[in-house]
There are 2 protein chains.
Amino acid sequence: MRELGQRAREAGRSMARATTSARNEALLATARALDASRDNLRERNELDLEAGRERGLDAAMLDRLELTPGRIDAMIEGLRQVATLADPVGVISDMQYRPSGIQVGRMRVPLGVIGIIYESRPNVTVDAASLCIKSGNAAVLRGGSEAIHSNQAIADCVRQGLKEAGLSESAVQVVETTDREAVGNLIRMPEYVDVIVPRGGKGLIERISREAEVPVIKHLDGICHSFLDRDADPEKALAVTVNAKTQRYGTCNTLETLLVDRAVAEEILPPVARKLGEIGVELRGCPETLALIENAIPATDEDWETEYLAPVLSIRVVDGLDEAIAHINRYSSQHTDSIITENYTRARRFLTEVDSSSVMVNASTRFADGFEYGLGAEIGISTDKLHARGPVGLEGLTSEKYIVFGDGHIRT
Amino acid sequence: MRELGQRAREAGRSMARATTSARNEALLATARALDASRDNLRERNELDLEAGRERGLDAAMLDRLELTPGRIDAMIEGLRQVATLADPVGVISDMQYRPSGIQVGRMRVPLGVIGIIYESRPNVTVDAASLCIKSGNAAVLRGGSEAIHSNQAIADCVRQGLKEAGLSESAVQVVETTDREAVGNLIRMPEYVDVIVPRGGKGLIERISREAEVPVIKHLDGICHSFLDRDADPEKALAVTVNAKTQRYGTCNTLETLLVDRAVAEEILPPVARKLGEIGVELRGCPETLALIENAIPATDEDWETEYLAPVLSIRVVDGLDEAIAHINRYSSQHTDSIITENYTRARRFLTEVDSSSVMVNASTRFADGFEYGLGAEIGISTDKLHARGPVGLEGLTSEKYIVFGDGHIRT
C-alpha cells in the first residue's frame with residue numbers, strides 16, 4: 001500500500017500540472033475505451049456475478065452488481081458530461097490590491113490524492129475516477145470485493161484513457177487486494193493521501209471516520225423532514241410530501257418524518273395520509289396524528305431518529321414553527337429539511353434557523369443532489385460542516401491557496 | 001466540561017439567530033467594559049505575573065504575559081475594528097434557477113461551537129472571542145494556566161458585553177480549570193464542539209490533532225522559502241530577502257531557506273549575504289554557497305527541514321526553477337513560498353506548481369497574514385488543505401449550506 005501511495009502522490013503532482021485539455025482528453029479516451037471493451041466488461045462482470053450467486057447474494061445485490069449495456073452507456077455518457085464541465089483548477093478569485101501595494105487573491109487547486117472507499121456498484125469506479133481526473137487529483141479506489149473483476153476491467157479502460165492523453169497511469173489506481181487490511185492502511189497514510197471519501201452504509205463510514213488519520217468527507221444518514229406550516233398550500237403540501245417520501249425509498253434525501261402544524265393538521269393531514277396509504281406507505285404517528293387519521297400505528301421515540309430507507313413515514317403534530325424547528329434541530333441528521341408554506345416570515349426563519357446541509361421552501365427533499373443543484377456530478381453528499389457541506393462536486397475536491405503579486409514589496 | 005459544552009451548544013444556536021447589530025453591539029460593549037476595567041485588568045494580570053516570577057518564567061515569557069496599557073488599548077481597538085467588518089453570516093451566493101424550476105444557492109452560516117486552545121498571551125482571549133461573536137459562533141476558550149487570572153478578567157468584560165447586547169453570556173466561556181484533563185475532554189465532545197483551533201507550539205498542535213475527535217484547524221510550522229530566479233532584479237532580491245528574514249525572527253511567515261539559481265548566484269548572493277551578516281544573521285550554506293560567500297558555515301540535511309524562528313538562514317544554490325520547486329515541494333511546510341523574478345513564464349509556473357497555502361511573486365513572505373490579506377483579523381494560519389487554507393478569518397469560522405426555493409416543485 002505504501003508503494004501505491006507513493007505512486008499516487010507523484011501522479012497527483014503531475015495531474016496538478018496537467019492542462020485542462022489533457023484531463024478532458026483522458027475522460028473522452030476512457031469513454032472510447034469503455035465503448036470498445038463492452039464484451040470484456042460483460043465477461044469480467046459475469047465472473048463477479050457468478051461468485052456473487054455462489055456466495056448467495058440476494059437479487060437486489062446482484063442487480064446492483066450487474067453491468068448491463070444500459071449501465072455501460074450511462075458510464076460513457078457520464079464521462080462525456082464531466083468532460084464538458086468547467087475546469088475548477090486554477091480559477092483565480094477575489095484578486096485585489098491591498099494598502100501595502102501587494103495584490104492578493106485565491107487560486108483553486110487540487111487537493112492531491114483522494115482515497116475513495118465504496119461498496120458493490122461498479123459504476124462508482126468510473127464516477128469517482130472521472131471527478132478526480134477532472135479536478136486534477138490522483139485517486140486511489142477501493143471497491144467492494146464482490147465487484148473486484150468489474151472494477152479492474154473498468155480501471156483498465158481508465159488507465160488506457162490516461163495513457164492516450166499522455167497522463168500518468170497511476171493517476172487512478174484500483175486497490176487489487178480485497179484484503180480488509182488494505183483499507184486500514186489507506187486511511188492511515190496522511191503523507192500520501194489527502195482526503196478519504198467513503199461511500200456506503202453508515203457502519204462503513206463510522207468505522208472509517210473513527211480510524212482514519214486522514215481527513216474524511218463523511219456522508220452519514222439522511223433523516224429528512226418536511227414541515228407543513230399553517231399557511232401551507234394544501235395542494236403543494238400533498239404533492240411535495242408524496243414525492244419526497246415515495247419517488248425513491250432507498251435514497252438519503254428521502255423524507256422520513258413529516259411535521260404538521262396543529263392549526264391545519266385536521267385539514268391537511270388526512271388527504272396526505274390517504275394518498276400515502278394508497279401507495280402502500282406505512283404511517284407511524286404521534287397520539288394527535290392517530291386521532292386524525294385511521295391508517296397509522298403509534299410511533300415510538302425511536303421513530304424520530306430512524307432513517308427508514310423504506311416505505312415507512314413517521315408523522316408528528318407540532319405546535320407551530322418553533323416546535324418544528326426544535327424537533328428538526330434535535331432529530332434531523334442535518335442532511336435536508338423542507339418547509340411548505342406561503343408565509344414569507346416563517347419561510348425566512350426556517351431557512352435561517354434550521355442547521356442542515358440543504359434547507360428548502362416548497363420543494364421536495366429529493367432535490368438534494370449534485371446533478372439537480374447544477375454541480376454536474378457528485379462524489380457524495382457531505383453531512384460535515386467543514387470544507388464541503390451538502391452535495392460534493394468538483395469544488396469539494398479542490399482547495400484554494402492564496403497568491404500574492406508584488407514588485408519587490410517588503411513589510412514594514 | 002460536558003455542562004459547559006451543553007451551554008455552549010445552546011448559546012451557539014442563539015448566536016446563529018442573533019442580528020448583525022446585536023453581535024456588533026456585543027463587541028463595542030466589550031470594548032467599553034475593557035476600558036472601564038483597566039485597573040482590575042492590571043491587578044488580576046499582576047497575580048499572573050507574580051505567580052510567573054515565582055515559577056521562574058523567563059523575561060520573554062513574562063513580557064508576553066503582561067497587559068500593558070498599550071496592549072489594553074490594542075485589544076479595545078481590535079474589538080472596534082472587528083465590529084466594522086462586514087457580517088459573513090447569512091450571505092447568499094450563486095443563487096440560480098435550475099432546469100427543474102427550483103432556485104438553488106448557498107447561505108453562509110456559523111459553524112456552531114468553536115474551541116480555542118492557546119498559550120500565554122492573554123490578548124488572544126479577546127481576539128478569539130471577538131471573531132467568534134462576529135461570526136455568530138459560541139466559543140470555548142482554554143488559555144494557558146500562567147494567564148488564568150488575566151483571561152478570566154478579560155472574560156468578565158466579554159460576558160458584560162454580551163449581556164449588554166442582550167446575547168447569551170455563555171456565548172464565550174473560559175474554561176476555569178487549569179487541569180490538563182479539561183483539554184482532553186474539550187477535544188472529545190463532537191456533540192458539543194464543531195471545531196478546535198489550537199494556537200501554540202508545534203508540540204501542542206500535534207498532540208491535539210492526534211487526540212481530537214473533533215475537526216481541528218491546524219497551524220503547524222512555517223518553513224518558508226524564497227527562490228532568487230536567474231531573472232531576479234538584484235535590488236528586489238536583496239530587499240525582499242532581508243525583509244523576509246529579519247523583519248521579525250519568531251513568526252511563522254519568516255524566511256528560513258533561501259534558494260538561488262546557479263546562473264546568478266555569483267552576482268546576487270554576495271550582497272545579500274553581506275547585508276544579512278551585518279544584521280547578525282547566521283548563514284548555513286550548501287557547498288556551492290560556501291564557495292561564493294565567506295560568512296557561512298556548512299548546512300546539514302537537517303537545516304532544510306528546520307524552522308529556526310531565529311536569526312539563522314539556510315542557503316542552497318539550485319540548478320534553476322525545476323530544482324527549486326522540487327526542493328520546496330519536498331522540504332517546505334506548505335506555508336508560504338516566494339519567487340523573485342522578472343520572468344513571466346517562470347513566475348506563472350511557480351504560482352501553479354508550488355503547493356503551499358501562500359505563493360508569492362516579488363514579495364516578502366512576511367505578508368502572509370490575515371490583516372495584510374484584508375481578512376480584517378485572523379484566528380490563525382491554516383496549514384491544512386481542507387476547509388480553510390492560509391490565514392483564517394471570519395469566513396474560516398463559517399460554512400455554507402444549500403438553500404432551495406420552490407413553488408411546490410417535485411422531482412420526476
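Does segment A:13-21 contain at least one residue that is within 23 Å of the chain's Cα centre (by Cα), under 25 Å from residue A:370 (Cα atoms) and assigned to a helix (DSSP H, G or I)?
no
Restrict the check to segment A:233-241 and report whether at least one residue is surrounded by fewer than 19 Cβ atoms within 10 Å (Cβ to Cβ) and more than 14 Å from every other protein chain (Cβ to nearest Cβ).
There is no residue in segment A:233-241 that is surrounded by fewer than 19 Cβ atoms within 10 Å (Cβ to Cβ) and more than 14 Å from every other protein chain (Cβ to nearest Cβ).
Exactly one condition in (1) open to solvent by 40 Å² or more (accessible area, probe 1.4 Å); (2) of a type outside the set (Lys, Arg); (3) at pLDDT below 95; (4) touching a Gly at 6+ places or on another chain (Cβ under 9 Å) is false for residue A:334; which is it?
Of the numbered conditions (1) open to solvent by 40 Å² or more (accessible area, probe 1.4 Å); (2) of a type outside the set (Lys, Arg); (3) at pLDDT below 95; (4) touching a Gly at 6+ places or on another chain (Cβ under 9 Å), the odd one out for residue A:334 is (4).
Table: residues versus (1) of a type in the set (S, T, N, Q); (2) closer than 25 Å to residue A:216 by Cβ; (3) in contact with a Lys or Arg (Cβ under 7 Å, 6 or more places away or on another chain).
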{"residue": "A:296", "(1), (2), (3)": "no, no, yes"}
{"residue": "A:305", "(1), (2), (3)": "no, yes, no"}
{"residue": "A:311", "(1), (2), (3)": "no, no, no"}
{"residue": "A:338", "(1), (2), (3)": "yes, no, no"}
{"residue": "A:346", "(1), (2), (3)": "no, no, no"}
{"residue": "A:359", "(1), (2), (3)": "no, yes, yes"}
{"residue": "A:380", "(1), (2), (3)": "no, yes, yes"}
{"residue": "A:384", "(1), (2), (3)": "no, yes, yes"}
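Of B:313, B:321, which residue is buried (at least 23 other Cβ atoms within 10 Å of the Cβ), touching a residue at least 12 places away in the same chain (Cβ under 8 Å), touching an Asp or Glu at 6+ places or on another chain (Cβ under 8 Å) and over 30 Å from residue A:359 (Cβ atoms)?
The conditions single out B:313.
Check whether at least one residue in segment A:88-107 is at pLDDT below 95 and at positive phi, and report yes or no.
Yes: segment A:88-107 contains one or more residues that are at pLDDT below 95 and at positive phi.
Filter segment B:50-63 down to the residues that are touching a helix residue (DSSP H, G or I) at 6+ places or on another chain (Cβ under 6 Å) and over 13 Å from residue B:145 (Cβ atoms) and list them by number.
B:62
For segment B:305-412, please list each of the strands (runs of 3 or more DSSP E) lying entirely inside it that holds at least 2 residues being closer than 30 Å to residue A:351 by Cα and at the interface with another protein chain (Cβ under 8 Å from one of its Cβ atoms).
Once the strands (runs of 3 or more DSSP E) in segment B:305-412 are filtered for at least 2 residues that are closer than 30 Å to residue A:351 by Cα and at the interface with another protein chain (Cβ under 8 Å from one of its Cβ atoms), what remains is B:398-409.
Does segment B:337-353 hold any residues that are surrounded by 24 or more Cβ atoms within 10 Å (Cβ to Cβ) and under 22 Å from the mean Cα position of the chain (by Cα), and which are they?
Correct list: B:337, B:338.
So, residue B:182, is that one under 30 Å from residue B:36 (Cα atoms) and under 25 Å from the mean Cα position of the chain (by Cα) or not?
In short, no.
Residue under question is residue B:209, and the condition is that it be surrounded by fewer than 21 Cβ atoms within 10 Å (Cβ to Cβ) and hydroxyl-bearing (Ser, Thr, Tyr); does it hold?
yes
Looking at (1) under 16 Å from residue B:196 (Cβ atoms); (2) open to solvent by 10 Å² or more (accessible area, probe 1.4 Å); (3) modelled with pLDDT of 95 or more, which is the only condition residue B:119 fails?
(3)
Might you check whether a residue that is open to solvent by 10 Å² or more (accessible area, probe 1.4 Å), farther than 17 Å from residue B:172 by Cβ and without any contact (Cβ under 8 Å) to a residue 60 or more places away in the chain occurs anywhere in segment B:99-115?
yes
Which residue is most open to solvent (accessible area, probe 1.4 Å), if the candidates are limited to segment B:395-411 and must be farther than 22 Å from residue A:382 by Cα and touching a Ser or Thr at 6+ places or on another chain (Cβ under 7 Å)?
Selected residue: B:410.
Give the residue, chosen from B:158, B:214, B:193, B:175, that is within 24 Å of residue B:77 (Cβ to Cβ) and either touching a residue at least 60 places away in the same chain (Cβ under 8 Å) or assigned by TED's automatic domain parsing to the domain that holds residue B:25 (or both).
It is B:158.
Given the condition open to solvent by less than 60 Å² (accessible area, probe 1.4 Å), closer than 20 Å to residue A:410 by Cα, β-branched (Val, Ile, Thr) and part of a helix (DSSP H, G or I), answer yes or no: does some residue in segment B:256-278 qualify?
Yes: segment B:256-278 contains one or more residues that are open to solvent by less than 60 Å² (accessible area, probe 1.4 Å), closer than 20 Å to residue A:410 by Cα, β-branched (Val, Ile, Thr) and part of a helix (DSSP H, G or I).
The values are calculated or read from the model by the stated rules, or taken from the named source; none is laboratory data. All of these numbers come straight from a predicted model, not from anything done at the bench. Heads up, the Cβs are rebuilt from the backbone with ideal geometry, glycines too, and the neighbour counts pull from every protein chain shown. Accessible surface is based on the protein model in full, side chains and every heavy atom, while ligands, DNA and RNA are left aside. Shrake-Rupley method; radii C 1.70, N 1.55, O 1.52, S 1.80 Å.
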